[in-house]
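Engineer: The structure's right below; bear with me while I get my questions together.
The numbers here are math on the coordinates, done by the rules we state, and not lab data. Bear in mind the structure is a predicted one, so any value in this text is a computation, not a measurement. When we count neighbours, we look across all protein chains shown, and the Cβ atoms used for this are built from the backbone with ideal geometry, even at glycine.
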There are 4 protein chains.
Amino acid sequence: MKDVCVVIISRANYGRIKSALSSFKSKDELNLQIILGASALLDKYGNVVEQIKSDGFTIDSKAYTTVEGETPTTMAKSTGLLISELSTIFNNLDPDVVLTVGDKYETMATAVTATYMNIPLAHTMGGEVSGTIDDSIRHAITRLAHVHFVTNEISEDRLHRWGEEPERIHNVGCPGMDTVKNADLSPISMGELKERYGGVGGQPPLDEDYLVVMHHPVTTEYEDTRHHIRETIDAIRELQMPTIWFWPNSDAGSEKIASEIRSFREKNDPDYIHYFKNIQVNDFNRLIANCSCMIGNSSSAIREGSFLGIPAVNVGTRQNARKKGDNVITTGYSAEEIVSATKNQLSHGYYESDKIYGDGNAGERIANVISETKTIKLQKELTY
Amino acid sequence: MKDVCVVIISRANYGRIKSALSSFKSKDELNLQIILGASALLDKYGNVVEQIKSDGFTIDSKAYTTVEGETPTTMAKSTGLLISELSTIFNNLDPDVVLTVGDKYETMATAVTATYMNIPLAHTMGGEVSGTIDDSIRHAITRLAHVHFVTNEISEDRLHRWGEEPERIHNVGCPGMDTVKNADLSPISMGELKERYGGVGGQPPLDEDYLVVMHHPVTTEYEDTRHHIRETIDAIRELQMPTIWFWPNSDAGSEKIASEIRSFREKNDPDYIHYFKNIQVNDFNRLIANCSCMIGNSSSAIREGSFLGIPAVNVGTRQNARKKGDNVITTGYSAEEIVSATKNQLSHGYYESDKIYGDGNAGERIANVISETKTIKLQKELTY
Amino acid sequence: MKDVCVVIISRANYGRIKSALSSFKSKDELNLQIILGASALLDKYGNVVEQIKSDGFTIDSKAYTTVEGETPTTMAKSTGLLISELSTIFNNLDPDVVLTVGDKYETMATAVTATYMNIPLAHTMGGEVSGTIDDSIRHAITRLAHVHFVTNEISEDRLHRWGEEPERIHNVGCPGMDTVKNADLSPISMGELKERYGGVGGQPPLDEDYLVVMHHPVTTEYEDTRHHIRETIDAIRELQMPTIWFWPNSDAGSEKIASEIRSFREKNDPDYIHYFKNIQVNDFNRLIANCSCMIGNSSSAIREGSFLGIPAVNVGTRQNARKKGDNVITTGYSAEEIVSATKNQLSHGYYESDKIYGDGNAGERIANVISETKTIKLQKELTY
Amino acid sequence: MKDVCVVIISRANYGRIKSALSSFKSKDELNLQIILGASALLDKYGNVVEQIKSDGFTIDSKAYTTVEGETPTTMAKSTGLLISELSTIFNNLDPDVVLTVGDKYETMATAVTATYMNIPLAHTMGGEVSGTIDDSIRHAITRLAHVHFVTNEISEDRLHRWGEEPERIHNVGCPGMDTVKNADLSPISMGELKERYGGVGGQPPLDEDYLVVMHHPVTTEYEDTRHHIRETIDAIRELQMPTIWFWPNSDAGSEKIASEIRSFREKNDPDYIHYFKNIQVNDFNRLIANCSCMIGNSSSAIREGSFLGIPAVNVGTRQNARKKGDNVITTGYSAEEIVSATKNQLSHGYYESDKIYGDGNAGERIANVISETKTIKLQKELTY
């Protein structure tokens, strides 16, 4: 029996690994351990405790680790706190493998703690390039990780070039696609959303054309955060269509974005926008699958978006170097550019499905690799 | 005026960066900030507070961050605690550049904190390969660092191959060589050492042939630690020559090594060995420059040793893949191999000086690069 | 020269110690050190950095220590984190005396850290009884503190009965009264407030009768928090007068209160209420000095309120056992009781000033005691 | 079913609560949870993991929390870290009652965390007075605790005088006496001890008259620590009898004491002394029950010593105000006084058993109270 421990640190994390959790659970030779930390426990960013339980999983340990402030200082401090907590939790749970997902800043905490404790570390999404500070984090985790579950050939090739040992690299696709592939993608109504998630704002009808907006902070552009979000706000104001808008994640700058949105609401009371903190993955997929255009800088427009062929306007630098499908138009930060690109997408409509982030069977492949690997060597030996 | 902040986390760290500190201090356009953390504050591992002050530097902040236990768990937890502390200290000192040294596990704390806080990070020794877990840490830090001060061409070449941007890479040599180059290397007597550093054990004469032993834990071989140190002890017992032995550093396994050494002393009371916790860099250089052979797994046998041509027996895997000069014979862990290699070295005697880790001007070059660089771009763009 | 270090952990804290800070600063033999931590740095709860600077003080160190979640778990964890940070800061600043204010949960961190580090601890508000969990914290700090600055004779008497040594007890009054006494208490307009502090909600006129509402969580009644705030909301809704409402402090339950208020706003859009996170002490005093009734469970209705003779309705158990003046009517949690008591207060109008919390010279007395005390004995010897 | 959680933070802690653990375990309506933290996990201070397991208990969670340095700064920081860890552990274990033992500095962490998290806190040894800084900690914990298990009438009376509610106070005696009462007190040989615990030093025969020495640091006399331990060393040197000496606990100053002892051993190689880090409670009781005199400042000479009638010399201020039986002679710190008092005790021999710390049934009484109490009110209401 092998204990596989997955550390989930945000709602997005959960969506990107859920199919692998199911595959782990279905295998007799694996015992799944789930740890929740960071924003995954916070209502403000989308507490996933209830969702995980209702999906039939058991949570082994929970740790509050987000230090308030939403500044670069507290991003670092929260990471330190998470390492401190995980060291105790790993020591008590004693897992055989730890799996960490993606590149959010707290992910580094899982990577450092597991590798320092001589626990083999598996990592998803290694080798991707977004063109932001997340790259440094993702690539640093690659250097610590013992098993790489990459999502496409470009990433796979990159890891080879960097000298990672071939037997550690597995191109399995993105588990986020698994969820999309098997999802119920029927339209969702404003009423359903409202009842389940509350939120604030007007009641835009979702049986017409509607937009989905997600604008997260770019931590290296911390000083320009207010300027950038104002442009996005101006664009949405000009488009004035039914819009579902998600509050930002917890990266440094988040509080600035939230405060600009609140101030806009206060002054303009826009009845065509409804704001949600977060919604469950399945409802999220139904929502974006039927929207006319996604706007902002979330990677879901690029990843899930390509699989589903959703027209998307990708704003600014946050996804700079990430592999993109035809469904994406990238713009600068100005309201003008955003509006113009959105209009083009609205007239274009849906795209063909593009499997650049996997075919929807990643979770099963991940579980197979972990289950079948006899021993994972702790000492890495780069090929050069 | 540019604030350059150096985080020192061990006695070895200080020795490896001291010449750069002097160069920083001598430049009007730079303001040096020094932070001490981790084992640099602990008497047991060589508190460097007094030495740093007597060398004329001012310490800006001190933080105790080593969690007791000397296990893999506490290595992780101590790193988390150091991140937490550094985030507050950086926030208060507000440096323009942070410099971190080498690859000890706590070094990662400096790297994570600085980069998360959008402070440009410079790193020494990037691209070296020792063949131990330190490699993962060193390479992960390279992925976070914005400026790389490498010590030789092999390292430089490796960083290029990994896609690090050429303008960020500076082959300056190892600042540890600077200290050696300018050092007084006259013989040191047992009496001098005893008076300055106390220590325990016999009074071996240092005007005869003598050995210097350093055996540190290999964290990935945590379970075999006791077996390995016993072999080294047996070897020294068979050689039975005047010997100066240094207690191990604070990595996981350290307590096991110390306990075996104590137990050996208790039973055998070997009057030919004297044990020190640590001694100042200048006295250390005098000590090794005049010894007949260095034994163990410290990198100083390989780095300073090559510059000074000191015969060295490198035991086990800890320095596996590190670039070595002719002065080094590497052996397995058995007492037999260690004894035989040492006898070979004793009959060979001193080697030619080999400049594979630099020519002794690294500190000045580092200070020049930092002083002359206008802006350090935070967003890294790997060449592939 | 004596270094007096004051740790400020919230906006309320600052208001309650500001006059002492001024007195410290005016004395040549004292050197004031100011540390900011916890909610004092958070915009959400009233960041006081700018105010402290504009009042002419220098901040020596800042530490983010509030762990997100606003649950009992994070109250404890935040306190642990603050201790960890303060230990490093005290070690670097090396104060001769530390002063801590009141009974907010983080105050315990200052008390534990200073006393564990053998630094004499002075404490304000010892011996007060509010009838809530704050009592346990306040009384525990009294047991740690070396100098007690109490605010009235009842408190003084209590400390004597508990065996605290008489020479450590100083009845100086509450420094919060000093600020009130010397304050400009002219009316403040909605326009002024809005311009300075933003806030959200309607524009109630403040030249008519108006209410000031503060409803904080009671941590031991964590489970009933939503029920209680809903009653207060219902009462205000029924009264439907111009109202200024302050968001709750950061105690566990705070997020529940905020969410109920937001939900009420969403549904009812009450134009007679304006909500502020916090405002500066001087503007706060102008605001309450001219209101018709204070409603809620803040101690300012009882302390500043008695000095100024402001009609107040004190809701629920949070101030249960605190000494109250004639200006206060205490009620249960029901909307009905709150409405009825408020109507009584509106018809009564202003009360006589009551000096039960001091005459307005506390800060000067505190500074004198600290300045004149030669040595503060660390070893306490209770009288029984 | 009621979950009773006991936090054990040192070897001494375990000895003082073991009988209660057995009673908890024997009751169907109680579920025992055990958390180990601080020095209870450290070999250096007496890791109790193996002992607890071999006594048949299950450990629910372990947390490393001791920050190295053994200074006042690290005492505070370690306490902060323990709070941070306990908050997560309590949140995951969700106990109904938490029990904390005595007054070691980390005990405060348990008290703060439990009470802040609204978990009823029971405390042993409240109301005792030792005349050291521990008093402040013990009394502060009393103010936080909801149930007081005191060990004698004097303590009981003190708590009444301080206004603690009578129904919360239970005079049950000290659970440490339970262990003594039921113990096998047959003589133990040097050979047995050596085989089980190793230790260092000579092989003094224990079938002759022998001494047991324990000298712990007094944190408020941190600066005089070296002076004091040297006097004790001189005394033992003059007495020159078979002696078993225990290394000090982890309070600030501990490293100074250890270093003086090591230096004494180095110079004098005293074959009449054997040093142990710690031994199991049962062997400890056999050892002290048959010694001729206990010397030092440990409370076991006063507590277990009175029950067993062991002649004891209590050195210095550490136990100043603790209730003492006839078996104790208290002296100043000078070697002369210690030698003279010890000679008096050697010629006096054993004393009558004195039950001032309980009759040996404390554990059962504690379990009964906890099992029978329906609800423990969280809100304390002091009687004045």
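Engineer: What length, rounded to one decimal in nm, is gained on full extension from B:Tyr222 through to B:Asp234, with 0.36 nm per residue of separation minus their alpha-carbon distance?
Structural biologist: 2.4 nm
Engineer: If you line up the Cα atoms of the protein assembly as shown on their principal axes, what length do they span on each, largest first, in Å?
Structural biologist: 89, 76, 66
Engineer: Also: Treating only the Cβ atoms of Lys and Arg (+1) and Asp and Glu (-1) as charged, compute the dipole magnitude of the stretch C:248-384 about its Cα centre; round to the nearest 20 debye.
Structural biologist: Using Cβ point charges on Lys, Arg, Asp and Glu, the stretch C:248-384 gives about 400 debye.
Engineer: Under 14 Å from the Cα of A:Lys324, which aspartates and glutamates turn up, not counting those fewer than eight places away in the same chain?
Structural biologist: Correct list for A:Lys324: A:Glu128, A:Glu153, A:Glu304, A:Glu352, A:Asp354.
Engineer: In chain C, what percentage of the DSSP-assigned beta bridges are antiparallel, given to the nearest 5?
Structural biologist: Looking only at bridges with both residues in chain C, the antiparallel portion is about 5 percent.
Engineer: Sticking with this structure for a sec: Quick check on the protein assembly as shown: of the DSSP beta bridges with both residues there, what percent are antiparallel, nearest 5%? Spell out each step's value before the answer.
Structural biologist: On the way: 10 of 178 bridges.
Roughly 5 percent of the DSSP beta bridges within the protein assembly as shown come out antiparallel.
Engineer: Below 10 angstrom from the Cβ of A:Thr179, what's the summed charge of the other residues (Lys, Arg +1; Asp, Glu -1)?
Structural biologist: Around A:Thr179, the surrounding residues sum to +1.
Engineer: Counting only other chains, and only Cβ atoms inside 10 Å, what mean value do you get across the residues of D:109-121? Walk me through the numbers on the way to the answer.
Structural biologist: Details: counts 5, 0, 3, 11, 7, 2, 10, 16, 10, 10, 2, 0, 1.
Mean shielding count: 6.
Engineer: So, one more: Amide H neighbours of B:Ile295 under 5 Å, at least 5 residues apart or on other chains, H built in the peptide plane: list them.
Structural biologist: Residues meeting the amide H criterion: B:Val212, B:Val213, B:Met214, B:Val313.
Engineer: Quantify how strongly other chains surround peptide A:218-226 by giving the mean number of their Cβ atoms within 10 Å of each of its Cβ atoms.
Structural biologist: Mean shielding count: 2.
Engineer: Considering only C:Ile83, C:Thr132, C:Leu121, whose Cα is most displaced toward the positive end of the charge dipole of the stretch C:1-140, charges sitting on Cβ of Lys, Arg (+1) and Asp, Glu (-1)?
Structural biologist: C:Thr132
Engineer: Further, regarding this structure: Among B:Val97, B:Ser347, B:Ser259, whose Cα lies farthest out toward the positive end of the dipole of chain B, if unit charges sit on the beta carbon of Lys, Arg (+1) and Asp, Glu (-1)?
Structural biologist: B:Val97
Engineer: Suppose R0 equals 30 Å; then what is the FRET efficiency for B:Leu185 and D:Asp43 from their Cβ-Cβ distance, rounded to the nearest 0.05?
Structural biologist: Values: r = 40 Å, r/R0 = 1.33.
Given R0 = 30 Å and the Cβ-Cβ separation, E is 0.15.
Engineer: Toward the positive end of the charge dipole of the stretch B:138-258, about the Cα centre and with charges on Cβ (Lys, Arg +1; Asp, Glu -1), which of B:Asn152, B:Gly163, B:Thr243 goes farthest?
Structural biologist: Going by the Cα projections, it comes out as B:Gly163.
Engineer: Tell me which residues come under 5 Å, amide H to amide H, from B:Lys2 once H is placed; ignore anything under 5 positions away on its chain.
Structural biologist: HN-HN under 5 Å from B:Lys2: B:Leu30, B:Asn31.
Engineer: Pull up all non-local amide H partners of A:Glu68: gap of 5 or more, or a different chain, and H-to-H distance under 5 Å with H placed in the peptide plane.
Structural biologist: So A:Glu68 has HN proximity to C:Thr66, C:Val67, C:Glu68.
Engineer: Continuing with the same structure: If you average 1/r across every pair of different Cα atoms in the stretch D:309-381 and take the reciprocal, what Kirkwood value do you get, in Å? The partial results should precede the final answer.
Structural biologist: On the way: mean 1/r = 0.0645 Å⁻¹.
In the stretch D:309-381 this quantity evaluates to 15.5 Å.
Engineer: Karplus couplings for the stretch B:303-308 from phi (6.51 cos²θ - 1.76 cosθ + 1.60, θ = phi - 60°), rounded to Hz, Gly and Pro as x?
Structural biologist: Going residue by residue, I get 7, 4, x, 5, 4, 8 Hz, with x marking Gly and Pro.
Engineer: Now a separate question. Return the loop-located trypsin sites (Lys or Arg not before Pro) in the stretch A:289-372 (DSSP other than H, G, I, E, B) with at most 16 other Cβ atoms within 10 Å of their own Cβ; answer none if there are none.
Structural biologist: A:Lys355
Engineer: From the label point of C:Gly349, set 7 Å along Cα to the beta carbon, how far off in nm is each other copy's matching point, shortest first?
Structural biologist: Listed shortest first, these distances are 7.4, 9.1, 11.0 nm.
Engineer: Mind checking the dipole of the stretch A:267-306: about its Cα centre, +1 per Lys or Arg Cβ, -1 per Asp or Glu Cβ, Debye to the nearest 20?
Structural biologist: 120
Engineer: Quick one: Cα centre-to-centre distance for the stretch C:7-49 and the stretch B:259-321, in angstrom?
Structural biologist: The stretch C:7-49 and the stretch B:259-321 have Cα centres separated by 53 Å.
Engineer: Near A:Gly358, within a Cβ-to-Cβ distance under 10 Å, what is the net charge of the other residues, with Lys and Arg +1 and Asp and Glu -1?
Structural biologist: So the environment of A:Gly358 carries a net charge of +2.
Engineer: In the stretch D:317-332, which residues have a backbone nitrogen under 11 Å from the label point lying 7 Å from D:Asn344's Cα in the Cα-to-Cβ direction?
Structural biologist: So the set is D:328-332.
Engineer: Can you give the helix-only mean residue ellipticity at 222 nm for chain B, where every DSSP H stretch with n ≥ 4 adds -39500 (n - 2.57) and the sum goes over all residues, rounded to the nearest 500 deg cm²/dmol?
Structural biologist: My calculation for chain B gives -12500 deg cm²/dmol from helical runs alone.
Engineer: Right, next: Which of D:Ile302, D:Ile17 comes first, and how do the rest follow, when ranked by fewest Cβ neighbours within 10 Å?
Structural biologist: Working: D:Ile302 23, D:Ile17 28.
With the fewest neighbours first, D:Ile302, D:Ile17 line up as D:Ile302, D:Ile17.
Engineer: State which helices in chain C qualify, where a helix is a whole DSSP H run, it must extend 27 Å or more along its own axis by its Cα atoms, and its mean Kyte-Doolittle hydropathy must be at least 0.0.
Structural biologist: Span-like helices here: C:72-93.
Engineer: What do the square roots of 5 times the Cα gyration tensor eigenvalues come to for chain A, in whole Å, largest first, as semi-axes of the equivalent ellipsoid?
Structural biologist: Result for chain A: semi-axes of 34, 21, 20 Å.
Engineer: Can you pull a Stokes-Einstein diffusion coefficient for the stretch D:227-331 at 37 °C (0.692 mPa s), Rh from Kirkwood over Cα pairs, as a whole number of µm²/s?
Structural biologist: 226
Engineer: Given R₀ = 25 Å, what would the calculated FRET efficiency be for A:Asn31 paired with D:Asp28, taking r from the Cβ atoms and rounding to 0.05?
Structural biologist: In this case the efficiency is close to 0.25.
Engineer: Contact order normalised by length for chain C, with contacts defined as Cα pairs under 8 Å and 6 or more residues apart; what percent is it?
Structural biologist: Computed over chain C, the figure is 18 percent.
Engineer: Where the centroid of each part is defined by its Cα atoms, how far is the stretch D:82-127 from the stretch C:157-212 in Å?
Structural biologist: The stretch D:82-127 and the stretch C:157-212 have Cα centres spaced 35 Å from each other.
Engineer: Could you list C:Ser353, A:Ser298 so that the one with the fewest beta carbons within 10 Å of its beta carbon is first and the one with the most is last? Walk me through the numbers before you get to the answer.
Structural biologist: Values: C:Ser353 14, A:Ser298 26.
Neighbour counts put them in this order, fewest first: C:Ser353, A:Ser298.
Engineer: For every other residue with a beta carbon closer than 15 angstrom to the beta carbon of D:Ser300, add +1 if it is Lys or Arg and -1 if Asp or Glu, then tell me the sum.
Structural biologist: So the surrounding residues net to +4.
Engineer: Would you work out the charge dipole size for chain B about its Cα centre, treating the Cβ of every Lys and Arg as +1 and the Cβ of every Asp and Glu as -1, and quote it to the nearest 20 debye?
Structural biologist: Numbers: 39 positive and 53 negative charges, 92 e Å.
For chain B, the charge dipole is close to 440 debye.
Engineer: Ok, one more. C:Asp3 to C:Asp269: FRET efficiency via 1/(1 + (r/R0)^6), r the Cβ-Cβ distance, R0 60 Å, to the nearest 0.05?
Structural biologist: 0.70
Engineer: Could I ask something else about it? If the stretch C:68-227 were replaced by its equivalent ellipsoid, with semi-axes equal to the square roots of 5 times the Cα gyration tensor eigenvalues, what would those be, largest first, whole Å?
Structural biologist: One finds semi-axes of 33, 22, 18 Å for the stretch C:68-227.
Engineer: Sticking with this structure for a sec: Taking the beta-carbon count within 10 Å as an exposure proxy, list D:Glu352, B:Glu304, D:Glu260 from fewest neighbours to most.
Structural biologist: Fewest to most other Cβ atoms nearby, the residues stand as D:Glu352, D:Glu260, B:Glu304.
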